[in-house]
Amino acid sequence: MEPFEPPQDAEFDYLFRLRHREIAAVADDVVFARHLAGNGVSDEDLVLEVSSERVLVLRRTIEAMVAAIRGGAVCVTPFTLAEVNAQPPVYTLRGFEEEESRWLRRPTKEERAREALGPLTLWKGKDWKEGVDGTRVATVRVGLVHEFIDYYGETRSDVVPFIPTGAREILEIGCAKGLTGEYLQSRLGCRVTGVELNPVVAEEARKRLWKVVVGDVERVPIEGTFDVVLALELFEHLRDPFLFLERAKGWLRPGGVLILSTPNVGHWSVVWDLLQGRWDYLPIGLLCFTHLRFFTRKSLETLLHLGGWDDVVIYPQETGVPREIARALRKVKGVDWESLGISGFWVIARKNY
């Protein structure tokens with residue numbers, strides 16, 4: 001059982017639909033419900049509890065969970081990607097499918113007690129109706145799921161090295177709940193003004209930041225000037241990046257910097273998927289469902305220069321290339337090995353007037 005209405009965010013609406021498709025593929029008769037009454041469940045029904053809207057599960061894991069229940073298990077919950085040491089690391093849906101296959105080949109594992117159940121749990125109707133405490137019974141672990149991060153609740157402390165010493169006023173575009181801005185205020189002694197499109201999330205940010213503006217960054221008026229304009233994982237979502245680049249110059253004081261972070265579509269995981277005919281959207285990551293633009297280092301540099309920014313430094317977010325991928329591509333001429341090993345970029349653009 002889980003919310004039967006799609007989430008408001010487009011990214012997790014996509015995941016909601018994907019998850020429902022996978023669940024429906026396993027059973028002939030599926031009822032999705034936010035709240036499930038015990039008298040509506042028979043002893044032989046199966047109840048799948050989804051405790052997070054951010055969880056990805058595929059049909060093979062659900063099939064394995066069902067088989068475990070049919071085999072006598074009381075409570076079944078998969079391993080999570082965060083628990084396993086996936087090698088190579090998982091960046092795409094195809095990569096997740098491969099890691100899932102590895103875990104499905106392993107024997108099921110029974111754990112006598114768990115402090116808490118995972119984001120996905122399967123019960124037989126009889127046990128679910130009786131209110132069996134899943135933390136006190138033997139739990140079977142089988143298959144693999146992934147719970148995406150709460151990107152509204154992230155603290156991006158990794159941006160600190162790029163913020164100039166002495167910055168006192170920072171404008172954070174896409175401030176979410178304000179945790180990054182709150183961290184910067186505490187760490188740097190600055191004041192952070194946040195801009196957030198989601199009004200519900202913006203109310204959370206108001207509790208943490210100096211000031212919050214609610215609206216679309218490509219349209220909403222923003223008063224004042226700043227030492228830093230910060231836009232993390234936002235540039236690829238913009239309808240009109242040239243408009244944003246122009247507005248950012250107006251928000252900055254002379255000598256101020258625009259700091260961006262954005263994914264690299266030339267990363268090995270995307271290239272390897274394309275070689276296999278795959279390009280699968282996910283709610284978060286390199287192939288996020290709401291990305292409108294995709295960049296390599298070259299295309300990013302070109303767009304910034306065409307947008308009037310000439311004093312630009314780009315730093316790579318390096319991951320390296322897995323050995324098996326490197327071996328497979330060794331004989332291909334003209335491979336940009338540097339690009340393959342970069343998942344994204346930091347952009348530091350300075351306004352010199």
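What the table shows:
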item: Residues located in the stretch 144-157, provided they are among the aromatic types (Phe, Trp, Tyr) and either assigned to a helix (DSSP H, G or I) or modelled with pLDDT under 95 (or both); result: TYR151, TYR152
item: Residue ID - modelled with the lowest pLDDT, chosen from residues in the stretch 36-47 that are assigned to a loop (DSSP other than H, G, I, E, B) and surrounded by 12 or more Cβ atoms within 10 Å (Cβ to Cβ); result: LEU36
item: Tabulated pairs, the stretch 138-158, first under 13 Å from PRO119 (Cα atoms), second of a type in the set (A, V, I, L, M) and at pLDDT below 95, C-beta under 6 angstrom, 6+ apart or interchain; result: VAL145/LEU120
item: Residue satisfying condition, being assigned to a loop (DSSP other than H, G, I, E, B), of a type in the set (D, E, K, R), modelled with pLDDT of 90 or more and over 24 Å from ILE342 (Cα atoms), within set ARG141, ARG136, ARG106, ARG114; result: ARG106
item: Within the stretch 167-284, strands (runs of 3 or more DSSP E) holding 3 or more residues that are touching a residue at least 60 places away in the same chain (Cβ under 8 Å) and of a type outside the set (D, E, K, R); result: 169-173, 226-232, 252-263
item: Residue within the stretch 307-318 that is surrounded by fewer than 16 Cβ atoms within 10 Å (Cβ to Cβ), in the same structural domain as GLY224 (by TED's automatic domain parsing), free of Cβ contacts under 8 Å to residues at least 12 places away in the same chain and in a helix (DSSP H, G or I) present; result: no
item: Among the residues listed as GLY320, GLY334, the single one being under 18 Å from PRO89 (Cα atoms) and of a type outside the set (D, E, K, R); result: GLY320
item: When residues of the stretch 86-105 are limited to those that are free of Cβ contacts under 8 Å to residues at least 24 places away in the same chain and not small (Gly, Ala, Ser), the one surrounded by the fewest Cβ atoms within 10 Å (Cβ to Cβ); result: ARG105
item: Answer from ALA33, ALA68, ALA27, ALA64 - the residue that is of a type in the set (Gly, Ala, Ser), farther than 30 Å from VAL200 by Cα, modelled with pLDDT under 90 and not assigned by TED's automatic domain parsing to the domain that holds TRP268; result: ALA27
item: Check on PRO283, within 27 Å of LEU197 (Cα to Cα) and either surrounded by 18 or more Cβ atoms within 10 Å (Cβ to Cβ) or in the same structural domain as GLY166 (by TED's automatic domain parsing) (or both); result: yes
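Every residue, every condition in (1) of a type in the set (Asp, Glu); (2) under 25 Å from LEU300 (Cβ atoms); (3) surrounded by 17 or more Cβ atoms within 10 Å (Cβ to Cβ); (4) modelled with pLDDT of 95 or more, yes or no:
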position: VAL159; (1), (2), (3), (4): no, yes, yes, yes
position: ARG168; (1), (2), (3), (4): no, no, no, yes
position: GLU196; (1), (2), (3), (4): yes, yes, yes, yes
position: GLU203; (1), (2), (3), (4): yes, no, no, yes
position: ARG208; (1), (2), (3), (4): no, no, yes, yes
position: GLU218; (1), (2), (3), (4): yes, yes, no, yes
position: PHE226; (1), (2), (3), (4): no, yes, yes, yes
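The values are calculated or read from the model by the stated rules, or taken from the named source; none is laboratory data. Since the structure is predicted, the reported quantities are computational estimates derived from the model, not experimental observations. Positions of Cβ are generated from backbone atoms using ideal geometry, with glycine treated the same way; all protein chains shown enter the neighbour counts.
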